[in-house]
Amino acid sequence: MIEFTTETKLSEEQIHNLFSVEGAVFCDIGARIGEFSIPRAHSCKEVYAFEPSPFNFPTLEDRAKEFGDKYKCFNVAFSDKDYDCVTPFKDCTNESEQEIKYRTMEKFFEDNNLDTPTFVKIDVEGMESHILKTMDFLFEKKVPIYAEIHYNSKFWGATHDFPDNPSFKPPSEGGFDFNRLKQYGYKVFYDVHQWDPGFMKFHTEDEDYNPPDPSHWGMLIVP
């Protein structure tokens with residue numbers, strides 16, 4: 001593992017590779033069909049892949065079969081409360097109405113006897129600001145997290161905001177306050193690009209960690 005400094009530069013691909021090592025428990029939230037976790041499953045001890053879309057989930061399950069029990073697929077979405085609904089859903093395949101099961105992350109892990117992940121990847125089209133509100137149980141254990149930020153209240157976010165599948169919300173509208181990460185001693189990097197490490201920047205502790213509107217980039221949260 002590298003030492004993260006103010007000068008560290010990594011791409012999203014490099015970040016996922018860095019944490020996909022022997023003994024790792026990779027938690028893929030918004031797995032879709034496993035684009036990120038399937039290629040890295042051979043390197044990990046275990047993968048927990050969460051994909052709620054009934055269109056994507058069968059493909060994910062089929063692709064995961066080669067890994068047996070080490071790659072566990074769950075047909076649920078995470079949010080800040082438990083509920084089942086039929087809603088237009090942003091699954092990167094289509095936006096038709098879908099039956100979605102939402103669960104809170106800590107309770108789901110407890111109910112299913114899942115181990116604490118060693119790395120969490122989140123790519124959920126704006127729901128990250130709701131899921132992160134429930135992740136203190138992982139913050140307390142200093143689990144590294146990569147989150148794709150989807151915040152654009154005027155354009156994409158305004159047209160993809162549904163009662164049961166909301167878009168990104170700032171703290172003033174009930175979303176996660178990223179400044180809470182300071183109390184857990186995390187380092188926060190932003191502007192992470194999928195392939196080019198040169199874009200990544202470091203947040204100093206006196207800065208506001210909340211993403212500006214608009215934002216569409218990766219955030220790396222590490223102890």
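Observations
- Residue of Asp196, Asp111, Asp213 that the Gaussian network model of the chain assigns the largest fluctuation, springs spanning Cα pairs under 10 Å: Asp111
- Max mean-square fluctuation residue, GNM over the chain, Cα-Cα springs under 10 Å, options Leu114, Leu181, Leu60: Leu114
- With a Förster radius of 22 Å applied to the C-beta separation of Thr8 and Lys70, the computed FRET efficiency comes to 0.15.
- Projecting the Cα atoms of Pro58, His216, Asn17 onto the charge dipole of the chain, computed from C-beta unit charges around the Cα centre, puts Asn17 farthest toward the positive end.
- Short-range pairs are left out: with C-alpha atoms under 8 Å and at least six residues apart, the relative contact order of the stretch 12-222 is 18 percent.
- Residues with amide H under 5 Å from that of Ser215, placed H, sequence gap 5 or more: Tyr151, Asn152
- Using Cβ point charges alone (K and R +1, D and E -1), the dipole size of the stretch 41-148 about the Cα centre works out to roughly 360 debye.
- Choice from Phe176, Phe50, Phe109 with maximal GNM fluctuation in the chain (Cα, 10 Å cutoff): Phe109
- Total charge dipole magnitude, the chain, about the Cα centre, Cβ charges on Lys, Arg, Asp, Glu only, Debye to nearest 20: 320 debye
- Neighbours of Tyr83 by Cβ distance under 14 Å: Lys/Arg scored +1, Asp/Glu scored -1, total -1.
- Straight-distance crosslink candidates among aspartates and glutamates, where the alpha carbon sits under 17 Å from Lys90 and sequence neighbours closer than 8 are dropped: Asp28, Glu35, Glu51, Glu99, Asp123, Glu125, Glu128, Glu148, Asp161, Asp164
- Toward the positive end of the charge dipole of the chain, with +1 on the Cβ of Lys and Arg and -1 on the Cβ of Asp and Glu, the farthest Cα among Ser172, His203, Val143 is that of Val143.
- Fewest-first ordering of His193, His216, His150 by other beta carbons within 10 Å of each residue's beta carbon gives His216, His193, His150.
- Nonlocal amide H pairs with Leu10, under 5 Å, H built at 1.01 Å: Met200
- Difference of contour (0.36 nm per residue) and Cα-Cα distance, Asp213 to Trp195: 4.2 nm
- Bridges between two residues of the stretch 12-222, per DSSP, are antiparallel at a rate of about 55%.
- Spatially proximal lysines relative to Lys142 (Cα-Cα < 25 Å; intrachain offsets below 8 disregarded): Lys9, Lys45, Lys70, Lys72, Lys81, Lys107, Lys121, Lys133, Lys169, Lys182, Lys187, Lys201
- The phi torsions of the stretch 195-208, fed into the Karplus equation with coefficients 6.51, -1.76 and 1.60 and a -60° offset, translate into couplings of 10, 9, x, x, 7, 5, 10, 9, 8, 6, 5, 7, 8, 7 Hz, rounded to whole numbers, with Gly and Pro shown as x.
- Charge sum, other residues only, whose C-beta stays under 13 Å from Gly157's C-beta, Lys/Arg counted +1 and Asp/Glu -1: -2
- Applying 1/(1 + (r/R0)^6) with R0 = 22 Å to the Cβ-Cβ distance of Asn17 and Thr93 gives a FRET efficiency near 0.30.
- For the stretch 1-136: relative contact order, % (alpha-carbon pairs under 8 angstrom, 6 or more apart): 24 percent
- Inter-site label distance for Asn112 and Asp161 at 7 Å from Cα along Cβ, in nm: 3.0 nm
- Stretch in the chain that is longest and holds no trypsin sites (Lys or Arg not before Pro) that DSSP places in a loop and that have at most 10 other beta carbons within 10 Å: 1-80
- The gain in end-to-end length when the Asp82 to Lys101 segment is fully stretched comes to 6.1 nm, 0.36 nm per residue minus the alpha carbon separation.
- With the simple model of a label 7 Å out from the Cα in the direction of the Cβ, Ser153 to Thr204 spans 2.7 nm.
Values quoted throughout were computed directly from the atomic coordinates according to the rules given, and no laboratory measurement underlies them. This structure is a prediction, so every number in the text was calculated from the model and none was measured. Methodologically, a virtual Cβ is constructed for each residue, glycine included, from the backbone with ideal geometry; neighbour enumeration extends over all protein chains shown.
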